[in-house]
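The values are calculated or read from the model by the stated rules, or taken from the named source; none is laboratory data. It should be emphasised that the depicted structure is a prediction, and the values quoted were computed from it without experimental measurement. Note that we place each Cβ from the backbone using ideal geometry, even for glycine, and neighbour counts take in every protein chain shown. Side chains included, ligands, DNA and RNA excluded: accessible areas come from the protein's heavy atoms. Shrake-Rupley method; radii C 1.70, N 1.55, O 1.52, S 1.80 Å.
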Amino acid sequence: SALEIGVWYGVGSTNIWLNNLKENSSILLLDSWMPYSSESDLKDPGWNYKQMDDMSTDAFLSAFLNVKKFQSEQAHKNIRINMVRGESTSLLPLLKDDSLDFIYIDGDHKYKNVKHDIQQAKRLINKKFGVICGDDLEKLPTPELVALARQNTDTDFLRKEEFHPGVMLAISEELPMVHMVNGFWW
């Protein structure tokens, strides 16, 4: 069983998981498909967060249509796909311990939510064999970057420094040993 936290349009990483799941597998696709920008995000002149927030309905419909297309074209694989619209903070606690083999985290990038998603992933992952991974760790933690991240826990992305402070800070606290290549971590 697999879990993707943060699906948005459902065409990037979602397609990778769908196309590589073994026959008779299952995946839970979880996203709030709601506006997510903080006040500090909305003040960022380098990115139009309001426009992203306004695309949440289009993103949900795209993900739905992508899943429907996959199920139509790959019905012989018998892959069970469940799409759930909701907050990971309220839905992940409902899932059973040690029940997932693969968890991909790419939801809300704010520190509090990333930390929660990682803590829940550690509880949910199969302890005998399981992989927790995610996206948007552009830089490995250093004392200087951790200090900067602590000052920006409600910010999606720091343009000048080019990293997601919430992702890096949560990973530095919850996963003492992490590997990263081009922002993808495991």
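General remarks:
- Tail beyond 15 Å, pair distance distribution of region 1-86 (Cα, percent): 59 percent
- Neighbour-limited loop hits for chymotrypsin sites (Phe, Trp or Tyr not before Pro), region 95-140 (at most 16 other Cβ within 10 Å; DSSP other than H, G, I, E, B): F129
- Largest GNM mean-square fluctuation among A170, A75, A59, using the chain with Cα springs under 10 Å: A75.
- Distance between the modelled labels on R159 and F184, one decimal in nanometres: 2.8 nm (7 Å Cα→Cβ projection).
- Label point at F129 placed 7 Å out along Cα→Cβ; residues across region 89-109 whose backbone nitrogen lies under 14 Å: 100-102
- Candidates F60, F70, F157, ranked by Gaussian network fluctuation over the chain, Cα under 10 Å, top entry: F70
- Listed residues R159, R123, R150 arranged by accessible area, highest first, probe 1.4 Å: R150, R159, R123
- In this structure K115 has an accessible area near 40 Å², from a 1.4 Å probe over the protein heavy atoms.
- Accessible area (Å², 1.4 Å probe, nearest 10) - S88: 20 Å²
- Expected 222 nm ellipticity per residue - DSSP helices of 4 or more, -39500 (n - 2.57), all of the chain, to 500: -11000 deg cm²/dmol
- Using C-alpha pairs under 8 Å with a sequence gap of at least 6, the mean separation divided by the residue count of the chain gives a relative contact order of 23 percent.
- Structure remark: mean-square fluctuation, Gaussian network model of the chain, C-alpha springs under 10 Å; the largest value among L100, L137, L145 belongs to L145.
- Translational diffusion coefficient of region 80-186 (Stokes-Einstein, Kirkwood radius from Cα pairs, 10 °C, 1.306 mPa s): 112 µm²/s.
- Rounded to the nearest 10 degrees, the inclination of helix 56-73 to the longest alpha-carbon principal axis of the chain is 30 degrees.
- Accessible area per residue for the chain, computed on protein heavy atoms with a 1.4 Å probe, is 54 Å².
- Using bins of 10 Å that start at zero, the share of Cα-Cα pairs per bin across the chain amounts to 9, 36, 37, 16, 2, 0, in whole %.
- The heavy atoms of M52 offer some 40 square angstrom of accessible surface to a 1.4 angstrom probe.
- By accessible area with a 1.4 Å probe, ligands and nucleic acids excluded, highest first: order of E39, E23, E174: E39, E23, E174
- Taking a straight line from the alpha carbon of K128, these lysines sit under 27 Å away, with near neighbours fewer than eight places off in the same chain left out: K22, K77, K96, K115.
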